[in-house]
């Protein structure tokens with residue numbers, strides 16, 4: 001049987017690592033180093049483009065010329081949430097699973113974060129804009145405040 005080398009770039013390695021068996025994790029660590037996989041997702045996703053890189057999509061494929069500003073913001077926020085959640089998806093059939101989302105003030109001083117909250121099975125926000133932790137919901141709200149503002153206004 002012919003053998004071929006397996007080539008995995010850093011982004012794909014980071015995507016595979018959390019879901020890999022112990023044997024594959026050992027191989028990935030041997031090739032990339034343990035510190036490579038310890039970087040927090042919030043250190044890797046600072047922009048919409050970073051989020052696209054993490055999940056392996058082209059930023060140009062997300063939005064279209066005819067999209068309204070709120071649609072552009074929503075599409076970008078969905079990508080960002082997907083990247084920050086690192087493969088976690090809300091299970092709305094699981095009433096024990098917390099799904100975190102940011103709340104905002106929309107008043108004279110300006111659009112700003114009010115706080116974060118969670119729901120177990122239903123949520124008053126778009127289902128694709130929830131996070132697996134309060135930390136990620138807060139980070140997304142602060143880091144991408146302009147996008148949230150464009151989405152809600």
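The values are calculated or read from the model by the stated rules, or taken from the named source; none is laboratory data. None of these values were measured; they are calculated from a predicted model. Cβ atoms come from the backbone with ideal geometry, glycine included; neighbour counts cover every protein chain shown.
If residue 93 satisfies every condition in (1) at pLDDT 90 or above; (2) not in a helix (DSSP H, G or I) but one, which is the exception?
(1)
Among the residues of the stretch 71-88, is any closer than 17 Å to residue 145 by Cβ, over 12 Å from the mean Cα position of the chain (by Cα), at pLDDT below 90 and not in a loop (DSSP other than H, G, I, E, B)?
no
Counting only residues that are modelled with pLDDT under 85 and touching a helix residue (DSSP H, G or I) at 6+ places or on another chain (Cβ under 9 Å), how many does the stretch 96-106 have?
Here the count works out to 3.
For the list (1) touching a residue at least 24 places away in the same chain (Cβ under 8 Å); (2) surrounded by 13 or more Cβ atoms within 10 Å (Cβ to Cβ); (3) assigned by TED's automatic domain parsing to the domain that holds residue 142, I need the number of the one condition that residue 62 fails.
Here residue 62 clears every test but (1).
Based on what the data block shows, is residue 141 modelled with pLDDT of 95 or more and either part of a helix (DSSP H, G or I) or farther than 18 Å from residue 42 by Cα (or both)? Please lay out each step first, then the result.
On the way: modelled with pLDDT of 95 or more: no; either part of a helix (DSSP H, G or I) or farther than 18 Å from residue 42 by Cα (or both): yes.
No, not satisfied.
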